[in-house]
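Step one of this worksheet: look at the structure below.
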Amino acid sequence: MNKMGAMNAEDMKNYKGVFVFAQQVDNKLSGISFELIGEGKRLADKLNEKVTAVLIGSDVKGLVDELAEYGADRVIVVDDPELKEYRTEPYAHALASVINEYKPEIVLVGATAIGRDLGPTVSARVATGLTADCTLLEIGDFPLVALPNQEQKHNQLLMTRPAFGGNTIATIACPDNRPQMATVRPGVMQKLDRVAGKKAEVIEYNPGFTPNNKYVEILEISKAVSDIKDIMDAKILVSGGRGVGSAENFKLLDDLAEVLGGQVSCSRAVVDSGWKPKELQVGQTGKTVRPQVYFAIGISGAIQHVAGMEESDIIIAINKDEDAPIFDVADYGVVGDLNKIVPALTEAIKAELANK
């Protein structure tokens, strides 16, 4: 690097391919791992490169085939007893060592609780930038529009994320350093269809682990027990906002979800009011969902909420305000009192099902 912090152009040419952090917990791969492989493959194809999954843990070699079947061309396995549970220092040492050894052009990490800790730590360690909580990734030119007296670089990773509380969208690039790193929101990217029996090149790599004063000691792991189903898996979501009026009034939405075989979700305002738990929140600061049918009931449609559900197949909005922004993204809209419309809809569906 020179004194300004930019990487030498010749050194940058040595960085090739797309690497994704394949998150596993208790030797079970997280869904974000497959989403990142799918997105990584799309980006790698545009660069005429391969996608590599980096699998870090203890006794995790049995997960390699699953990563291959979801599209990984290569899997780098860092397997060591020090990596049994996630801890910042050994995992950051593992991923940073892989980056320094194999020199990827792009590194993607899920914006999970683990990834939000690991990604920035590793980016600082390998002296590159990181764009957090991305919702869109593309390969293109930077600057986006050619400017006088400034070189326009091609085949750059353009990383898009909500900014300023979701009130604007920023597109960010890292043209002078490698790798280009991003954390990506779960539920946003599409995983590839699984191909049974597909194999990948496997590399076992261990940089060595020497515990130091940065290695925390885990005294106890206490797992929260919850009977709440993950809204990201739901085919039908009945989502309520501030307009529902009260926690008690969510009974109307519960009834509709029950007859549809769906789940209830909500906006941030509902969580902030204490009506529903955080696990049910859709939006920029909640979860990104893409059900087949999304009911937006009493939800105004602020950009922060829309960012989390606009990829739903069908969006049905019910709101008494005909100018509510939610109607701009809805496929079907009903203007009126949800206290009358929702029970009537529930009864109509019950009657229809009874006739079948």
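Which condition does SER97 not pass, out of (1) crowded, with 20+ Cβ neighbours inside 10 Å; (2) modelled with pLDDT of 95 or more; (3) among the polar types (S, T, N, Q), if it passes all the others? So the condition that SER97 fails would be (1).
Being at negative phi and out of contact with any Ser or Thr (no Cβ under 8 Å at 6 or more places or on another chain) is a property that ALA296 lacks. Picking from residues in region 80-92 that are in contact (Cβ under 8 Å) with a residue 60 or more places away in the chain and in contact with a helix residue (DSSP H, G or I) (Cβ under 8 Å, 6 or more places away or on another chain), the one that is surrounded by the fewest Cβ atoms within 10 Å (Cβ to Cβ) is THR88. Within region 130-154, the set of residues being of a type in the set (Phe, Trp, Tyr) and in contact (Cβ under 8 Å) with a residue 40 or more places away in the chain is empty. If the condition is being surrounded by 20 or more Cβ atoms within 10 Å (Cβ to Cβ), out of contact with any helix residue (DSSP H, G or I) (no Cβ under 6 Å at 6 or more places or on another chain) and in a strand (DSSP E or B), then region 287-301 contributes TYR294, PHE295. Number of residues in region 255-283 that are part of a loop (DSSP other than H, G, I, E, B) and either of a type in the set (Gly, Ala, Ser) or in contact with a strand residue (DSSP E or B) (Cβ under 6 Å, 6 or more places away or on another chain) (or both) equals 7. Can you find even one residue in region 136-151 that is buried (at least 16 other Cβ atoms within 10 Å of the Cβ) and within 30 Å of ASP313 (Cβ to Cβ)? Looking for residues that are buried (at least 16 other Cβ atoms within 10 Å of the Cβ) and within 30 Å of ASP313 (Cβ to Cβ), one finds at least one in region 136-151, hence yes. Residues in region 341-356 that are over 34 Å from the mean Cα position of the chain (by Cα) and hydroxyl-bearing (Ser, Thr, Tyr): there are none.
Only residues that are part of a helix (DSSP H, G or I) and free of Cβ contacts under 8 Å to residues at least 12 places away in the same chain were counted across region 155-212, and they come to 1.
If we scan region 51-70, do we find a residue that is over 19 Å from VAL98 (Cβ atoms), without any contact (Cβ under 8 Å) to a residue 12 or more places away in the chain and in the same structural domain as LEU136 (by TED's automatic domain parsing)? No, there is no match, as no residue in region 51-70 is over 19 Å from VAL98 (Cβ atoms), without any contact (Cβ under 8 Å) to a residue 12 or more places away in the chain and in the same structural domain as LEU136 (by TED's automatic domain parsing).
The values are calculated or read from the model by the stated rules, or taken from the named source; none is laboratory data. What you are looking at is a predicted structure, and each value in this text was computed from that prediction instead of being measured. Cβ sites come from the backbone with ideal geometry, for glycine too, and all protein chains shown count toward neighbours.
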